[in-house]
Number of protein chains: 2
Amino acid sequence: MATDQARSDADEADTYDRLERRVERISNVGNAAGILQWDQEVVMPDEGTPARAQQLSTLSSISHELLTADETGDLLDELEEGELADDQAAVVRELRRQYDRETSVPQELVEEISATASNAHPKWKRAKEEDDFERFAPTLEKLVELRREYAEQIDPDAEPYAVLFSEYEPYIDLETAERVLERLREELVPLIDAIQESDADLETDAFAGEFEDDDQEALARDVLDSLGYDWDRGRLDTAPHPFSSGTQFDARVTTRFEEDDLLGSITSTIHEFGHANYTLGLPDDGYGTPLGEARDLSVHESQSRLWENHVGRSRPFWEHFLPIARERFPELADVSPEAAYEAANQVYDDNLIRVEADELTYHLHIVIRFEIERALINGELEVSEVPEVWNDKYEAYLGVRPETDAEGCLQDIHWSHGDFGYFPTYSLGSVLAAQLYAAAADDLGEFDAQIREGEFDELNGWLRENVHRHGKRYVTPDLIERATGEGLTADHFLEYVTSKYGDLYDLEDY
Amino acid sequence: MATDQARSDADEADTYDRLERRVERISNVGNAAGILQWDQEVVMPDEGTPARAQQLSTLSSISHELLTADETGDLLDELEEGELADDQAAVVRELRRQYDRETSVPQELVEEISATASNAHPKWKRAKEEDDFERFAPTLEKLVELRREYAEQIDPDAEPYAVLFSEYEPYIDLETAERVLERLREELVPLIDAIQESDADLETDAFAGEFEDDDQEALARDVLDSLGYDWDRGRLDTAPHPFSSGTQFDARVTTRFEEDDLLGSITSTIHEFGHANYTLGLPDDGYGTPLGEARDLSVHESQSRLWENHVGRSRPFWEHFLPIARERFPELADVSPEAAYEAANQVYDDNLIRVEADELTYHLHIVIRFEIERALINGELEVSEVPEVWNDKYEAYLGVRPETDAEGCLQDIHWSHGDFGYFPTYSLGSVLAAQLYAAAADDLGEFDAQIREGEFDELNGWLRENVHRHGKRYVTPDLIERATGEGLTADHFLEYVTSKYGDLYDLEDY
């Protein structure tokens, strides 16, 4: 019997190895595609697109075939019947999820969505340029319909929008997301009202002026140096829409420079550092499997927002960083850390554009998109009604009404890509950032003094220990619970913004 | 009967389409790997190697599996029995060749060669640094043995070295290559002797001095502008060992800058332009199949050498380009076009290093390697004998004897990669460059006046028409015959160097 048991263990080890090799292959193909995408955004010559599109499409279909092959299913079936170590069980769990989703949707539907989205993108762009929603509407209708069908294929019994949301956030259920977003709306609408009515006079022009690209780039490198970015495993470049991508061996940052927006380049660089820093904290020996890959969008965004907002928009950060900035830009000599802090935290009372929003109004932009896309996908709202509903909600939640659809429901790229269910992860990331930052402060004491000295190792060590090194070992709620001692909650975020903005804007009731 | 015929035609079209999709897939995977390699050489952070190695190895094994799958063989069998259009027949011919080679070698042997070469590279590097051939010898023996076995697997009846040579130059037979190389040796040894004995006093210090990298880069861009490089489909970067890579949609150039070697950076940039320019001349609609891919190494090298030597080392080129160079480097104000021409064409009498050789002695460096690697692979020479044979040949052909193996048989990287049979393609490329240049001049008249004006369109148009646009449509001898009216011959090269150097060095008998 012992011999049989030993043989069965050996078979299982062999089965697991075969699964792991398959997982690594899929992962390497995906990481190769990641390099091709980075290249396309950052260095590819203009006319390289036709070849690049074919290369990416080939890698994507190879990856799909490897994942959905019968052998993958057989290996998963076999492994799920036996005993697995925790790490192995996590790899099997993640692959099973992907496998079930990808095998449940017919490849023709996937290709139709992809082709429709490819065509939708230029239509959306043109519609936005010409402020002509009608031009985009039929394509948007088609995309909504195809995505509803897609959700139906995956789980005919679930709310379609919940299925799509779980594409981006597989382990946080939609009820939790909804609870958080509703809470944000309920609490932030009156807070923003109070700010708009306050007489406080913030200094907002600390970074007014024109700043050369080359100097901005040097300063962006200073920012990354200062935060402890590992240049042996990364690099900084520019891209029209900044992003970060890569693996634990090579996690790159991009940023943008606009002559009249020095602050924007600094905060964007810190944000992307947060993403890259998470990637760099993933374990080297997990490379190629889910154990070496980042948890999903909300956790990723929690890392970028934690660094951008809790560090980069804090008073002690500006006490630390302003002298560095003055070395590059002597014209900042008369700016005080307090003025820099106020400029970095100004709440706009007439902004219509999500990507230009402050850290407070931002979430109402998200709530509006969440409510609209959910109703669209669930069949409770017609595409033709979107512009008016959009504008009404802006008026109700933010006190501003877009005058054009270009500044309204046409502003974001996501729907034109066929992405519905993505928006909530931005707000969940902010909420989680505040929760993690509070937990780190609980564990380690306040960081203000350290940040003032430009010491980020302890904070980063805490994030490495409690978040980064786990990769996808734990499902998201478990990861959050282990790191913070509680489930996902908006409490810490609301406490943070109430205290910060109550103070900044001298609000009586806050 | 007509119906049966129609059905059979339709089946054949379908079979060909299936083969074409497979070819395109393989090609796209290869091109994706090309981007990853460019990235690794040019922009990848230092510590990215472990992940990159896995990504490249995954793409390589996927490509191998797609190529050697039974389905590929079945499609080829079926298509070879039917009637094919010329273009289709060319695609089938190229794929058949690759298929037969890759299926004839056991995958374990391929992996053993790859693993041995990976380990050999650092050993070779260390041996070169420490001038210690013994350190590299056992690995070199192993690589020779493995490559001999590899050749045996592909064709047990052929000369092993011929089989390896055809890896790089599939359609030029080794006898032709040998004939050309022997002719070069016979004619160049006395010519170089005559030069070394001549009293001519060339001006060789036109570009002496120190030149800033930034200015050198600006000048490299001027060179590329001047030659008509298409920046919408390319870019210029630096790499320690300059190369060019990509596709007709995106063919990139790299170069290097050394403070005291302005001339080297210019000629290296022109050389790599020649490669990229060939790639850019491949037909867009052939992308993904052999019809849109460059013919092999010798033809590629003919393009780089034609631009580097026949254009870039010519008098009229320097008449055109020196004024441009003076804009960047005012210190060149007193340099005459003739002095620049002489500096660019100096024949060294004591150079031991292939990559630093002039356009004349270069070929004796190649002949020496060819003779030695051929004897090694064919079992006629022991690895332990290589250093002495190497040094003897240098003394006999070039009149110089290396004092160390670092400057002798350890100087090149190729053998450490397990590459035997590659070297001859460098000389064949030069020979073909001269042959093509002479044919173009026959067709179009002398280019001197055009080059003096910086007009390269007519020359490039001839190359596009006669070489580039054909991709791999014709086998190499046919391509050469169609373009030049004769088979590969050293005549034109020897005529060119005899006339050029006879004149430069006032040689009586030349």
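The values are calculated or read from the model by the stated rules, or taken from the named source; none is laboratory data. From a predicted model like this one, the values you see are computed outputs, not experimental measurements. Glycine gets a Cβ as well: all are built from the backbone with ideal geometry, and neighbour counts include every protein chain shown. These area figures cover heavy atoms from the full protein model, side chains too; ligands, DNA and RNA do not enter into them. Shrake-Rupley method; radii C 1.70, N 1.55, O 1.52, S 1.80 Å.
Restricting to segment A:414-449, give me the number of residues that are over 20 Å from A:F317 (Cα atoms) and assigned to a helix (DSSP H, G or I). Walk me through how you get there before you give the answer.
The initial filter retains those residues of segment A:414-449 that are over 20 Å from A:F317 (Cα atoms), namely A:414-429, A:431-432, A:443.
Now drop any that are not assigned to a helix (DSSP H, G or I), which leaves A:414-417, A:424-429, A:431-432, A:443.
Here the count works out to 13.
Any residue at all in segment A:328-343 that's open to solvent by less than 10 Å² (accessible area, probe 1.4 Å), of a type outside the set (S, T, Y) and within 14 Å of chain B (Cβ to nearest Cβ)?
Checked segment A:328-343: no residue is open to solvent by less than 10 Å² (accessible area, probe 1.4 Å), of a type outside the set (S, T, Y) and within 14 Å of chain B (Cβ to nearest Cβ).
Go through segment B:163-181 and give me each residue that's within 18 Å of B:L381 (Cβ to Cβ) and open to solvent by 30 Å² or more (accessible area, probe 1.4 Å). Quick ask: steps written out before the conclusion?
The first filter runs over segment B:163-181 and keeps only residues within 18 Å of B:L381 (Cβ to Cβ), leaving B:163-165, B:174, B:178, B:181.
Within segment B:163-181, B:E178 is the sole residue that qualifies.
Quick check on my filter: what residues within segment A:194-232 are open to solvent by 70 Å² or more (accessible area, probe 1.4 Å) and under 30 Å from A:T489 (Cβ atoms)?
Within segment A:194-232, A:E197 is the sole residue that qualifies.
For segment B:450-469, state whether one or more residues are without any contact (Cβ under 8 Å) to a residue 12 or more places away in the chain and assigned to a loop (DSSP other than H, G, I, E, B).
Checking segment B:450-469: at least one residue is without any contact (Cβ under 8 Å) to a residue 12 or more places away in the chain and assigned to a loop (DSSP other than H, G, I, E, B).
Residue by residue through segment A:464-488, note down the ones that are over 30 Å from A:E342 (Cα atoms), aliphatic (A, V, I, L, M) and open to solvent by 20 Å² or more (accessible area, probe 1.4 Å). Can you show your working first?
Of the residues in segment A:464-488, the ones over 30 Å from A:E342 (Cα atoms) are A:464-483, A:485-487.
Subset that is aliphatic (A, V, I, L, M): A:467, A:475, A:479-480, A:483.
The one that is over 30 Å from A:E342 (Cα atoms), aliphatic (A, V, I, L, M) and open to solvent by 20 Å² or more (accessible area, probe 1.4 Å): A:V475.
Within segment B:269-346, considering only helices (runs of 4 or more DSSP H) that don't extend past its boundaries, which have at least 2 residues that are touching a helix residue (DSSP H, G or I) at 6+ places or on another chain (Cβ under 7 Å) and without any contact (Cβ under 8 Å) to a residue 40 or more places away in the chain?
Numbers: elements: B:297-305, B:315-328, B:337-344.
Of the helices (runs of 4 or more DSSP H) lying wholly inside segment B:269-346, those with at least 2 residues that are touching a helix residue (DSSP H, G or I) at 6+ places or on another chain (Cβ under 7 Å) and without any contact (Cβ under 8 Å) to a residue 40 or more places away in the chain span B:315-328, B:337-344.
Look through B:S416, B:S384 and report the one residue that is touching a helix residue (DSSP H, G or I) at 6+ places or on another chain (Cβ under 8 Å), open to solvent by less than 20 Å² (accessible area, probe 1.4 Å), polar (S, T, N, Q) and closer than 23 Å to B:K125 by Cα. Even if it seems obvious, please write down each step before you answer.
Values: B:S384 fails: open to solvent by less than 20 Å² (accessible area, probe 1.4 Å).
Of the residues listed, the single one that is touching a helix residue (DSSP H, G or I) at 6+ places or on another chain (Cβ under 8 Å), open to solvent by less than 20 Å² (accessible area, probe 1.4 Å), polar (S, T, N, Q) and closer than 23 Å to B:K125 by Cα is B:S416.
What pairs come out if I take residues in segment A:29-58 that are under 11 Å from B:A32 (Cα atoms) and pair them with residues that are among the aliphatic types (A, V, I, L, M) and outside any helix (DSSP H, G or I) whose C-beta lies under 7 Å away, six or more apart or interchain?
Qualifying pairs under 7 Å: A:R52/A:M44.
Does segment A:83-106 include one or more residues that are more than 11 Å from every other protein chain (Cβ to nearest Cβ), open to solvent by 10 Å² or more (accessible area, probe 1.4 Å), in contact (Cβ under 8 Å) with a residue 40 or more places away in the chain and in contact with a His (Cβ under 9 Å, 6 or more places away or on another chain)?
No, every residue in segment A:83-106 fails to be more than 11 Å from every other protein chain (Cβ to nearest Cβ), open to solvent by 10 Å² or more (accessible area, probe 1.4 Å), in contact (Cβ under 8 Å) with a residue 40 or more places away in the chain and in contact with a His (Cβ under 9 Å, 6 or more places away or on another chain).
Looking at B:A53, B:A32, B:A115, B:A127 in this structure, which one is within 30 Å of B:Q411 (Cβ to Cβ), within 12 Å of chain A (Cβ to nearest Cβ) and of a type outside the set (F, W, Y)?
Values: B:A32 fails: within 30 Å of B:Q411 (Cβ to Cβ); B:A115 fails: within 12 Å of chain A (Cβ to nearest Cβ); B:A127 fails: within 12 Å of chain A (Cβ to nearest Cβ).
Answer to the check: B:A53.
Just the residues that are open to solvent by 30 Å² or more (accessible area, probe 1.4 Å), more than 14 Å from every other protein chain (Cβ to nearest Cβ) and modelled with pLDDT of 95 or more, please, taken from segment A:1-29.
Start the filter on segment A:1-29 by keeping residues that are open to solvent by 30 Å² or more (accessible area, probe 1.4 Å), which leaves A:1-14, A:17-18, A:20-22, A:24-25.
If we keep only those that are more than 14 Å from every other protein chain (Cβ to nearest Cβ) as well, we get A:1-14, A:17-18.
Correct list: A:D17, A:R18.
Which residues, counting only those in segment A:345-370, are open to solvent by 10 Å² or more (accessible area, probe 1.4 Å) and more than 19 Å from the chain's Cα centre (by Cα)?
Those that are open to solvent by 10 Å² or more (accessible area, probe 1.4 Å) and more than 19 Å from the chain's Cα centre (by Cα): A:Q346, A:V347, A:Y348, A:D349, A:D350, A:N351, A:L352.
Restricting to segment A:35-50, what's the tally of residues that are open to solvent by 10 Å² or more (accessible area, probe 1.4 Å), at the interface with chain B (Cβ under 7 Å from one of its Cβ atoms), among the hydrophobic types (A, V, I, L, M, F, W, C) and over 16 Å from A:Q248 (Cα atoms)?
Count: 2.
Taking the residues in segment B:489-510 that are assigned to a loop (DSSP other than H, G, I, E, B) and surrounded by fewer than 20 Cβ atoms within 10 Å (Cβ to Cβ) as candidates, determine which candidate is modelled with the highest pLDDT.
Taking the candidates together, the pick is B:T489.
Determine, yes or no, whether A:G274 is open to solvent by less than 10 Å² (accessible area, probe 1.4 Å) and touching a Phe, Trp or Tyr at 6+ places or on another chain (Cβ under 6 Å). Spell out how you get there, then give the answer.
Working: open to solvent by less than 10 Å² (accessible area, probe 1.4 Å): yes; touching a Phe, Trp or Tyr at 6+ places or on another chain (Cβ under 6 Å): yes.
Criteria met by A:G274.
Tell me which of these A:S60 doesn't satisfy, since it passes every other one: (1) within 9 Å of chain B (Cβ to nearest Cβ); (2) open to solvent by 60 Å² or more (accessible area, probe 1.4 Å).
Among (1) within 9 Å of chain B (Cβ to nearest Cβ); (2) open to solvent by 60 Å² or more (accessible area, probe 1.4 Å), the lone unmet condition for A:S60 is (1).
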